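The values are calculated or read from the model by the stated rules, or taken from the named source; none is laboratory data. Nothing here was measured: the structure is a model prediction, and the numbers come from that model. Because the Cβ atoms are built from the backbone with ideal geometry, glycine has one as well, and the counts that use them run over all protein chains shown.
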Amino acid sequence: MEYAILGGGALGLVAALRLAERGERVTVYEREPVAGGLAAGFQIDDAWLEKFYHHIFRTDRGIVRLIGELGLADRLRWPRPRTVTFWGGRIYQLDSPLTVLQFPPLTPPQRVRMAAALAFLKVAPAAPLEGKLATAWLRRWMGEAPYRIVWEPLLRGKFGATRDEIALPWFWARVHDRTTELGYLRGGFQAVYDRLVARIVSLGGVVQLGVTVEEVRTAPGGKLAVTTDAGERHFDRVISTLPPRLLCRLVPELPADYRARYDWGRAYGAHCLILALDRPLTDSYWMNVNDPGFPFLALVEHTNYMPTGDYGGRHLLYLGNYRPMDDPLFKQSKEEVLAEFLPHLARINHAFSPAWVTESWAFSAPFAQPIVTTDYKDHIPPFDTPIAGLYEASMFQVYPHDRGQNYSVLLAEELVEKLVPEA
C-alpha cells in the first residue's frame, strides 16, 4: 500500500519510518528545506541549533528510545541547568521543591501552600481536573500572591488575552510530565531528523523537502490525489500531520459536520529572536520573565546549558514569544525586533550593551501553541476522517500533554499500529 504523509516533522517522519519498516511505500512532503518541523534547526559552523528552543525530559521515553535506535545515544546529555524567574527587577532560582520553599518574594506560608499544590499536581491523575480552569484553580489552591507573582505572568506571556480560558489539565501536564534534568543532543536535534530521513530512504521511501501541498481530493479507483507545487500523485492512503484547521483547508471534500466540530479553536504562533553574544548575559539556562513591560516571555541562554565550544565560542540565547498570528511582531523585520528587544536586556544585566551582539537570527511559525480551553477535548479529531484512506495525526491530539518531540513519536507509533498492526 502506498502512503503520502503531509509534514516532515517528528510525527510525520516517525510514521513514515514505522510504515516503511512494515513494508509499506511512503512519500513524505515537507514544505521547509530541512526536515524536523518545529524542531528543525539551522547551521552554525559544524553544529545545528534549533530555530525554537528545545530540550527533552527524563520522562520522555519515546524520543529517548528513538535517539538510541538511530545510533545517537552517545550524543545525548542530561545536565541539570539552572532555571530562574525575573521578578521585581531581580533574578530568583525557582526550579525545585527546595527553591520553591526558599522563594523570597513569597512569605513562608505562601511558599508552603504553593509547594503543596505543585506536589498534588505531580501525583494526581488528570481526569478529575477536566472542566476546570487553570486560573481559578491556581488562585484557590495556591493563593493570590503565588498566582500574581509566579503563574499569572507566565499564563499571560503564553496565552495573552486568553489566559483566563485555559484548561487546568493543560497546566497539570506542565507540572506532571516534567523533570529537573533536561536532555539535549550535542550538535542539535537536527541529527535525529536527518537520520530519520536517511533511514526512510534506505527502506525505499521518499522524502520531498521544499514541496508545498496544495490540495487533497478523492480520485478514481478509491485513491487520493495529492496536489503539490511539484505536481500531482495518487496514493492509497494519506496521513496529515498538519493542524486540523489546515487539513480542512487542504481537503475541500471534508463534510460540513466534520468541519463544524474540528475546524475549530484558536492557536498562537511562535517567534524567536536568537542572539550570538561575545560574553554570557546571565548564569542561567531558562529565565521566565515575569516582570511587566518586557516584549518577550522567556530568555533561554542555550550556552549556559551546552558548551560554547560547540558553537565556535558564541554565547547563544533565545528571546521567545507566543503571539496571535495577526500580531505585528510577525510582520516586523529582524532589525525592528532587535531595536525593540535589545534595550530590555539591560534591565536583566545592567552592563549589557548592544555591542555584545555579534550575530542574530529571527524565526516564526504559525499554529505553534493551541489555546487549550475547557472544551478543547471535545474538538480533538480521531485518526479517521470521513474520507476513506485519509487520516489526521497532529500535535492537537496529544492533549492534555503539551506539544513536543516525545509525544510526536508516541502518537505516530500509535497510528501506525492501528493502520498496519505488527504480526
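Go through the range 120-147 and count every residue that is surrounded by fewer than 16 Cβ atoms within 10 Å (Cβ to Cβ) and either under 21 Å from residue 106 (Cβ atoms) or hydrophobic (A, V, I, L, M, F, W, C) (or both). Qualifying residue count, the range 120-147: 8.
Among the residues of the range 369-414, those that are crowded, with 22+ Cβ neighbours inside 10 Å, among the aliphatic types (A, V, I, L, M) and under 21 Å from residue 63 (Cβ atoms) comprise 393, 395, 409, 411, 412. Listed by first and then second residue, the pairs linking a residue in the range 371-392 that is over 28 Å from residue 16 (Cβ atoms) and touching a residue at least 40 places away in the same chain (Cβ under 8 Å) to a residue that is surrounded by fewer than 18 Cβ atoms within 10 Å (Cβ to Cβ) and among the hydroxyl-bearing types (Ser, Thr, Tyr), with Cβ atoms under 8 Å apart and 6 or more places separating them unless they lie on different chains, are 371/162; 373/162.
Counting only strands (runs of 3 or more DSSP E) wholly contained in the range 157-271, the ones carrying 3 or more residues that are free of Cβ contacts under 8 Å to residues at least 40 places away in the same chain, charged (D, E, K, R) and in contact with a strand residue (DSSP E or B) (Cβ under 9 Å, 6 or more places away or on another chain) occupy 213-219.
Scanning the range 380-423 for residues that are closer than 21 Å to residue 125 by Cα and either of a type in the set (D, E, K, R) or not assigned by TED's automatic domain parsing to the domain that holds residue 259 (or both) yields 402, 403.
Per the listing 154, 138, 133, 224, the residue uniquely in contact with a Ser or Thr (Cβ under 7 Å, 6 or more places away or on another chain) and within 30 Å of residue 88 (Cα to Cα) is 133. If you go through the range 275-284 one residue at a time, do you hit one that is of a type in the set (S, T, N, Q) and in a loop (DSSP other than H, G, I, E, B)? Within the range 275-284, one or more residues are of a type in the set (S, T, N, Q) and in a loop (DSSP other than H, G, I, E, B).
Rundown of residues vs (1) of a type outside the set (Gly, Ala, Ser); (2) in a loop (DSSP other than H, G, I, E, B); (3) farther than 21 Å from residue 257 by Cβ, yes/no style:
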{"residue": "366", "(1), (2), (3)": "yes, no, yes"}
{"residue": "382", "(1), (2), (3)": "yes, yes, no"}
{"residue": "399", "(1), (2), (3)": "yes, yes, yes"}
{"residue": "403", "(1), (2), (3)": "yes, yes, yes"}
{"residue": "408", "(1), (2), (3)": "no, no, yes"}
{"residue": "414", "(1), (2), (3)": "yes, no, yes"}
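Hey, could you check the range 79-119 for residues that are assigned to a helix (DSSP H, G or I) and among the basic types (Lys, Arg) and say which is surrounded by the most Cβ atoms within 10 Å (Cβ to Cβ)? Taking the candidates together, the pick is 111. Screening residue 179 on (1) loosely packed, with under 15 Cβ neighbours inside 10 Å; (2) at pLDDT 95 or above; (3) under 25 Å from residue 397 (Cα atoms) shows it passes everything except condition (2).
Among the strands (runs of 3 or more DSSP E) confined to the range 11-58, the ones with at least 2 residues that are surrounded by 21 or more Cβ atoms within 10 Å (Cβ to Cβ) and under 17 Å from the mean Cα position of the chain (by Cα) are located at 47-50.
Out of curiosity, is residue 352 within 19 Å of residue 298 (Cα to Cα) and either within 25 Å of the chain's Cα centre (by Cα) or surrounded by fewer than 17 Cβ atoms within 10 Å (Cβ to Cβ) (or both)? No. Residue-level analysis places residue 192 outside the set of residues that are surrounded by fewer than 18 Cβ atoms within 10 Å (Cβ to Cβ), within 30 Å of residue 4 (Cα to Cα) and among the aliphatic types (A, V, I, L, M).
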